[in-house]
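J.: So that we are looking at the same thing, I have put the structure below in structure tokens.
Taken together, the values in this text are just the output of simple stated rules run on the coordinates, not laboratory data. Worth saying up front: this structure is predicted, and the values here are computed from it rather than measured. Using ideal geometry, Cβ is built from the backbone for each residue, glycine included, and neighbour counts are taken over all protein chains shown.
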Amino acid sequence: MGVDKVLCVTVEDPAKVAELATKLGASGESRVELLADRNCGLVRLLGLEIGTLEGAGPKCQRYAAVVEDGVLLKLRVESAPADLKVTDAKSMIALWKCIYPNACA
């Protein structure tokens with residue numbers, strides 16, 4: 001068991017996301033990919049849309065998920081948009097190790 005890909009989903013403009021992905025080297029064959037959910041399809045499906053700021057467009061809660069073969073195994077959502085307590089890399093790696101205890105053996 002290993003991580004095939006880390007997907008970073010945002011409700012930003014696709015052109016801005018593509019530009020950032022190129023700048024960060026998160027495009028092409030990279031294991032990290034940035035995706036634009038401009039119409040909030042995934043965000044709405046997950047119930048994570050938090051409305052719009054005047055003139056700023058849709059926003060979503062900060063979240064992280066573990067997905068295997070298209071199945072959502074675990075979804076973590078921060079209690080406030082600016083928080084980074086349960087969706088940071090360290091917390092997600094710890095969660096991943098709990099789900100797959102033999103993965104790092």
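J.: Name the residues whose placed amide hydrogens come within less than 5 Å of the amide hydrogen of VAL11, ignoring near sequence neighbours (fewer than 5 apart) on the same chain.
T.: It is ASP37, by chain and number.
J.: In addition: Holding the Cα-Cα limit at 22 Å, pick out from LYS59/LYS97; LYS5/LYS74; LYS23/LYS85; LYS5/LYS97 the pairs that are longer than that.
T.: Pairs exceeding 22 Å: LYS59/LYS97; LYS23/LYS85.
J.: Here's something else I'd like to know. Suppose R0 equals 22 Å; then what is the FRET efficiency for LEU84 and LYS23 from their Cβ-Cβ distance, rounded to the nearest 0.05?
T.: Efficiency, from the Cβ-Cβ distance: 0.55.
J.: I've got another one for you. Long-range amide H contacts for LYS74: which residues qualify at under 5 Å (H placed 1.01 Å from N, peptide plane, sequence gap of 5 or more or a different chain)?
T.: VAL66
J.: Also, I was wondering about something else. Please list the non-local residues whose amide H lies under 5 Å from the amide H of VAL6, H modeled 1.01 Å from N, same-chain partners needing a gap of 5 or more.
T.: Close amide H contacts, sequence-distant or interchain: VAL32, GLU33.
J.: In whole angstrom, and with the biggest value first, how far do the Cα coordinates of the chain range along each principal axis?
T.: The principal-axis extents, from largest down, are 50, 32, 23 Å.
J.: Ok, one more. Given Cα pairs under 8 Å that are at least 6 residues apart, what percent is the relative contact order of the chain? Walk me through the numbers on the way to the answer.
T.: Numbers: 124 pairs, mean separation 19.2, N = 105.
In percent, rounded to a whole number, it is 18.
J.: Which ³J(HN,Hα) values, rounded to whole Hz and listed in residue order, are derived for region 76-88 from phi using the Karplus coefficients 6.51, -1.76 and 1.60 in 6.51 cos²θ - 1.76 cosθ + 1.60 with θ = phi - 60°, glycine and proline given as x?
T.: Per residue, the Karplus-derived 3J(HN,Hα) values read 10, 10, 6, 6, 9, x, 7, 5, 9, 10, 10, 10, 6 Hz.
J.: Using θ = phi - 60° and the Karplus curve 6.51 cos²θ - 1.76 cosθ + 1.60, what whole-Hz ³J(HN,Hα) does each residue of region 13-30 get, with Gly and Pro shown as x?
T.: 4, x, 5, 5, 5, 4, 4, 5, 4, 5, 4, 8, x, 9, 9, x, 8, 4
J.: Tally the DSSP beta bridges in the chain and give the antiparallel ones as a percent, rounded to 5.
T.: In the chain, DSSP labels about 65 percent of beta bridges as antiparallel.
J.: So how much slack lies between LEU75 and ALA56, counting 0.36 nm per residue of separation and subtracting their Cα-Cα distance, in nm?
T.: Separation in residues times 0.36 nm, less the Cα-Cα distance, equals 4.2 nm.
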